[in-house]
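Everything below concerns the one structure shown next.
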Amino acid sequence: MNLLINIVPNETISWDRLLQLSAAIEAQRFAGVVTNLQLPANQELTGAHQAKLAALHVTVQEQPQLPTTADGYVLNLRETTGLLPGALAQWQSVTSQHANTPVSLATFDNQLPLDEQINDYLTAHANNGLLRTYQQLSDSDNVWPQLWGLQNYSVQTNLKNFRLLSQRLRPTGVLLPVSQLSPDYPVVSLAQNLQLLSQQTEIIRLHVPTIQNGSWSRDTPLAWFNQLQLGQRVTLNAEWEPVFEKYYRSQLKRLLKHADENQLTEAQQDLLRDQLEQVPVLDAHH
Amino acid sequence: MFYSLITPCLPSELQQLHALKENLTLQTMQDFEWLIACNQPIDLSQPEWQAPFPIHQITFTPATVGAARNQAIQQATGDWLLFIDSDDYLLPNALADAAAIAATRSSDVLLDLNQYPTYEPHDAFVTSHAETGVADDMPKWGGRKRLRPKRHALNLATNAVLPTDTPVDPTVMTWLQHRYLEHSGDNRWAGLDRQLKVSGKIANRKLILAHQLKFNETNDLYPDGPFMLPLLNVTTSTLRLSQHTYIRVKHNDPINHPSVHQQDDPRRWAKRIQDWQTALVTLPNDSDGFNAYATRDLHRLHRYLYAAVATRTGTVPAEQLPELLHTLQAFLNVIPASLIKQTLHGQSRRIILAIRRDGRLPQRQVNRIVWMRELNRIIHRHGRGSAKLAYRWWLTKLPLKPKTILYESFLGRNYSDSPKAIYEYMQRTYPGQFHHVWVMNKGVEPNPGKQPNTTVVKRFGWRYMYYLATSKFQVINMRQPKWFIKRPETKFLSTWHGTPLKHLVFDMDNVASANPLYKQIFYHQSRQWDNLIAANQFSVDVFEHAFMYPTDRMLKSGYPRNDLLNAPDKDAKARAIKEKLGIPLDKKIILYAPTWRDDDYYGVGDYKFTLKLDIARLRRELGDDYVLVLRTHYFITEHLDTTGFGDFVYNESSYNDISELYLISDVLITDYSSVFFDYAILKRPILYFVYDYEKYGSVLRGFYLNMETDLPGPLLKTNDDVLAALHDLPALKREYADAYHKFSERFNAWEDGHASQRVVDAFFGDALPAPTNKTK
């Protein structure tokens, strides 16, 4: 598998989480997998950090080197993302079955306890024949083989489905085929995902979570707002334009609705309202 | 682990064995022998039979599938036996996956490669699969719609690196790499229908021999029961692969190539019940397996038997009924009455117990239960279908109306085509002599509702059902509903709707995208046609093989709809139509009528091709003399913005009668649409704008015409070519004069403006009074 895992840190880097994620990737290392920290120009590493990252085979580049092979993928993650055991093995399996197609990853929430979420998940699937078969084969209560045993994916063609846009447009947590990236947009951006999605006929959804992720609109509302604005600059065809406009409006409204918990200032809220007023109300029939 | 693959084969199936051999060659593990049970001699020394695995032929008697499999089992040498039918095939990892699982389990399990039903033939899938190049690509689903798998199981790659701090048992690791579902313990007899299917099952040979398991050699339709049921009983588990790896190709042409399960056999029900009985007696009474199997059979009787033996809907011939009842009584007496009482309830229980006791059919109760079910269905659908039920039960028993004619064009979508031409001819020639009933969808305009003696009815409404049942004559240009009842005293005229360009019905290789039983349904529907109109000798020849329709019942008349194009007053009519559409009389007209490219070639929502004809340039260079009339699929035109082209473009895609658009236009631009057959009657220039000709190659292979040699106009791939042709139409006419002449001779020799008269005289015959207004 030729995969670049590109870690995009938050404004204030959580070094513990970064090292934890890098170590988790290293523990699952596959041939062909490269990890990069996309460090903003205004941030610097201490010697100790550099040494630790080097030991975990993490490169540090603001413009990451993309895989050069035609079947390469890029996966953007934040340093606060949790990588579940066996994740890379599952990504490799799905991309080898259905190459050159973006893969949207199901996630657990990184603000809730993982154990509880896994227990809930397994309880919800208690009647699944595969889980029952596992229990006949093993009396171990190790949860990971159970999650791997439930893993499945679907090839989805309803690309403009409004309800699913958030999971497909988030800049982190989607395996992006390198051959379809556009140099016109940052690798880590809603705009990149949007242009890619609008050119596609299908996307893969990996249904059992392999990462523990956060939500951009909840965790970094302003960054998400910037992403949305950048998305507006993507040249879309007549079919996609109203779809994104509708999504853009709904996301702005959502940001405003949760303005207090997102700790947006009055000025920032005014800015959102201004933007909202400028967007024409279109009805995307999707 | 060594497999013996067992394939029974009829002589007619030899050809598909080659495809299966090629498929087996692709298996990632080749430790197997292939036993072909076939009584037709096969020269296995020939190069086409060379393979990396041994192939043996087995002959057998009697000539039944059961005997074929039994004989092959006796001669097999493999540790495990796999049953695979000659028209089915495997995914490349099937045998390797099963072998990996078997290596971790004891020999008393039954492996299931997990059938994937499809109507897509093996060769069609191989071709399309090669084009997509995607590993998880599967043929089109041919099972029940609600069971269509929406997700793919994801096995871990064998080189997957897993965390060292969570050690995984080797059996679990194998399972993660080749996942399967296990039926054992309480679950052993669940999903019995699936477990009982023999194709794609892998069983231990020694186990089979030790228990002397055999297929039924005397039941030619249902040989599996006495083998599969005890096999389930002597194995501890069925392990079904999560991935579908056995592709079962269902037959979509039951008329010409029926599978064993599609063969027309009046004794089918009796044979089915015999199979159940021979299977059931192999298990100890009151065992879990016995009870599960008996319950399944009782449910099947409950669900399917009554309609098959009811007076009105029955399919079992009366002379077969005594044998069926005798067999059924014997079978039911194997099952304890208590189990029947526990499984069935109400009327159904009483019927089954009565047959068990007396061996006689309580016909009235059976009829009532069928009647009640139909009624129940309507109630559950909140009344939907009640008009259809009334049609079936009562309306078709009302007296016929000898002077009523029912017309339908394109399923009620418009007032057009040959039914319209016939109707107008009848109105002109025999005014007041007939009652005309037009089937129209709600809100369709124009419609003939205000014409004298004419009634318009909504398709599938109550009045529609009434006239469908009681009209003496029916004139329809597509297919009648599947449930249409042809009353013997009625006359049905199929006008059809065009000279065939693309392969039809029995000439189609693959109808996976249509109803899988399309061919069978079409066959039965077309048997209800008393006459079929053919526009030319070419159509006669095509319809004969494509519809399997007898030529002596075809009306070799030309198309009534085309009479307009030869009418003596056609110029005056053209002027009137132009005025109606608001097109300036001094402008010439280019008609652009491209075909609809479906999703196989362009994703839904991709309308790029509509821009391929450079309308702006056409306007710039020809706008002084011409206007452009667009006639495309509504789906495209709804998304096509023509506002920038002012009075140059007229979008007439929803205009009801395309013949009228032919009449007003001076030149036609089309591509793979059959519109050019009719347009050529006008002897006006035709251009084929085929910018995607190469991409359309696979479709063109399914055409009756050779697009390179048979057309009356040029194939043009660029806008430059189109413009150049339009700038010098006289030169084009000269260049294609011979081709045009040949084309007209071949396709339009019968079009003289009097087709309607010929059709009416032939079809209505004695029912016609003396003409009131003789048309010229």
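Mean residue ellipticity at 222 nm from the helices of chain B, using -39,500 (n - 2.57) per DSSP H segment of n ≥ 4 over the full residue count, to the nearest 500 deg cm²/dmol?
Details: 30 runs with 278 residues, N = 776.
Roughly -10000 deg cm²/dmol at 222 nm, from the helical runs in chain B.
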* What is the dipole size for chain A, taken about its Cα centre, with +1 at each Lys and Arg Cβ and -1 at each Asp and Glu Cβ, in debye to the nearest 20? -> 480
* Give the angle, between 0 and 90 degrees and rounded to the nearest 10, that separates the Cα long axis of helix B:225-234 from the longest principal axis of the Cα atoms of chain B. => 50
* Structure fact -> Per the charge dipole of the protein assembly as shown (beta-carbon charges, Lys/Arg positive, Asp/Glu negative, Cα centre), the residue among B:L501, B:G412, B:L321 reaching farthest to the positive end is B:L321
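For chain B, what proportion of DSSP beta bridges, expressed in % and rounded to the nearest 5, is antiparallel?
On the way: 12 of 75 bridges.
Taking every DSSP beta bridge with both residues in chain B, the antiparallel ones total about 15 percent.
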* To do: Give the distance, in whole Å, between the Cα centre of segment A:231-281 and the Cα centre of segment B:87-106.
  => 53
* Kindly work out what percent of the DSSP beta bridges joining two residues of chain A are antiparallel, to the nearest 5. => 35
* Any idea how far the Cα center of segment B:713-734 sits from the one of segment A:111-148, in Å? -> 68
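Hey, with R₀ at 41 Å, roughly what FRET efficiency would B:R373 and B:D137 work out to, going by the Cβ-Cβ distance, to 0.05?
Numbers: r = 41 Å, r/R0 = 0.99.
Using R0 = 41 Å, I get an efficiency of 0.50.
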* Asked: What residues in segment B:172-187 lose 10 Å² or more of accessible surface when the other protein chains are added to their chain alone (1.4 Å probe)?
  -> B:V172, B:W175, B:L176, B:R179, B:Y180, B:L181, B:E182, B:S184, B:N187
* Structure fact -> Counting Lys and Arg as +1 and Asp and Glu as -1 over every other residue whose Cβ sits under 13 Å from the Cβ of A:E266, the net charge comes to -2
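Please give the net charge around A:A99, taking every other residue with its beta carbon less than 13 angstrom from that of A:A99, where Lys and Arg add +1 and Asp and Glu add -1.
Combined, the nearby Lys, Arg, Asp and Glu give -4.
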* Divide by every residue of chain A the summed helix terms, -39500 (n - 2.57) for each DSSP H run of at least 4, and state the resulting mean residue ellipticity at 222 nm, rounded to the nearest 500 deg cm²/dmol. => -12500 deg cm²/dmol
* Asked: Which three extents, in whole angstrom, do the alpha-carbon atoms of segment B:4-51 cover along their principal axes, largest first?
  -> 30, 21, 16
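Across peptide B:746-754, how many C-beta atoms of other chains are within 10 Å of each residue C-beta, on average? Show your work: numbers first, answer last.
Working: counts 0, 0, 0, 0, 0, 0, 0, 0, 0.
Whole-number average of other-chain Cβ neighbours for B:746-754 is 0.
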* **Summed buried accessible area for B+A [probe radius 1.4 Å, Å², rounded to 100]** => 2800
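To check you understand DSSP bridge types, tell me what percent of the beta bridges within the protein assembly as shown (both residues inside) are antiparallel, rounded to 5. Before the final figure, lay out the partial values.
Details: 25 of 108 bridges.
Bridges in the protein assembly as shown that DSSP calls antiparallel: roughly 25 percent.
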* In units of 2.2 N^0.38 Å, what is the alpha-carbon radius of gyration of chain B? -> 1.15
* **Heavy-atom accessible surface of chain B: percent carbon and sulfur, 1.4 Å** => 50
* **Translational D in µm²/s for segment B:267-382 (Stokes-Einstein at 37 °C, 0.692 mPa s, Kirkwood Rh from C-alpha pairs)** => 224
* To do: Distance from a point 7 Å along Cα→Cβ of B:H261 to each backbone N in segment B:288-321: keep the residues under 20 Å and list them by number.
  => B:293-308, B:315-316
* Alpha carbon centre of segment B:236-290 versus segment B:393-438: separation in Å? -> 47
* Let me know the charge dipole size of the protein assembly as shown about its Cα centre in debye, to the nearest 20, where only the beta-carbon of Lys, Arg (+1) and Asp, Glu (-1) is charged. => 5280
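Students often get this wrong, so check it: of B:K502/B:K612; A:K257/B:K150; B:K21/B:K197, which have C-alpha atoms separated by over 29 Å?
Values: B:K502/B:K612 23 Å; A:K257/B:K150 36 Å; B:K21/B:K197 22 Å.
Table pairs above 29 Å Cα-Cα are A:K257/B:K150.
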* Along the positive direction of the dipole of chain B (beta-carbon charges: Lys, Arg +1; Asp, Glu -1; about the Cα centre), which of B:L395, B:L10, B:F460 reaches farthest? -> B:L395
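How big is the Cα convex hull of segment A:54-185 in projection, averaged over all directions, in nm²? Could you put the intermediate results ahead of the total?
Details: hull surface 43.5 nm².
The directionally averaged projection comes out at 10.9 nm².
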* Asked: Where does segment B:86-178 land on Rg/Rh, using Cα atoms and the Kirkwood Rh?
  -> 1.02
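Quote the charge dipole size of chain B about the Cα centre in Debye, to the nearest 20; the model charges only the Cβ of Lys and Arg (+1) and of Asp and Glu (-1).
Details: 92 positive and 84 negative charges, 904 e Å.
So the dipole magnitude of chain B works out to roughly 4340 debye.
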* Area of B:S128 that stays accessible when all protein chains are in place (1.4 Å probe, Å², to 10) -> 40
* Structure fact -> Sorting A:V103, A:L66, A:L21 by the position of each Cα along the dipole of chain A (Lys, Arg +1; Asp, Glu -1; all at Cβ), the one nearest the positive end of that ordering is A:V103
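If packing is taken as the average count of other Cβ atoms within 10 Å, what order do B:403-413, B:24-34 fall into, highest mean first? Each step should come with its number before you reach the end.
Values: B:403-413: 21.5, B:24-34: 16.8.
Listed from highest to lowest mean packing, they are B:403-413, B:24-34.
Please list B:221-231, B:143-153 highest first by mean number of surrounding beta-carbon atoms within 10 Å per residue. Walk me through the numbers on the way to the answer.
On the way: B:221-231: 22.9, B:143-153: 11.9.
Peptide ranking by packing, descending: B:221-231, B:143-153.
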* For B:L239, what is the net charge nearby, where nearby means another residue's Cβ is under 9 Å from its Cβ and Lys, Arg count +1, Asp, Glu -1? -> 0
* Is there a simple number for the mean count of other chain Cβ atoms within 10 Å of the Cβ of residues in A:206-213, and what is it? -> 1
* **Solvent accessible area, Å² - A:D219, 1.4 Å probe, full protein context** => 60
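What is the Rg over Rh value, at two decimals, for the protein assembly as shown, using alpha-carbon atoms and the Kirkwood definition of Rh?
Numbers: Rg = 34.5 Å, Rh = 34.4 Å.
Here the Rg-to-Rh quotient is 1.00.
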* State log₁₀ I(q)/I(0) for chain A at q = 0.09, 0.12 Å⁻¹ as given by the Debye formula over alpha-carbon point scatterers of equal weight, solvent excluded. => -0.46, -0.82
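Compare the peptides A:101-109, B:157-165 by average per-residue count of other Cβ atoms within 10 angstrom and give them in order, highest first.
On the way: A:101-109: 20.3, B:157-165: 14.0.
Answer by packing, highest mean first, reads A:101-109, B:157-165.
Provide the per residue accessible area, probe 1.4 Å, for segment B:400-562, rounded to a whole number of square angstrom. Write out the running numbers ahead of the final one.
Numbers: 6060 Å² over 163 residues.
Here the per-residue accessible area is 37 Å².
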* **Inter-chain Cβ neighbour average for residues A:233-243, partner chain, 10 Å** => 1
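The values are calculated or read from the model by the stated rules, or taken from the named source; none is laboratory data. As the structure is a prediction and not an experimental result, all values here were calculated from the model. All Cβ positions, glycine included, derive from the backbone under ideal geometry; neighbour counts span all protein chains shown. When the accessible area is computed, the model is the full protein with side chains, heavy atoms only, and any ligands, DNA or RNA have been set aside. Shrake-Rupley method; radii C 1.70, N 1.55, O 1.52, S 1.80 Å.
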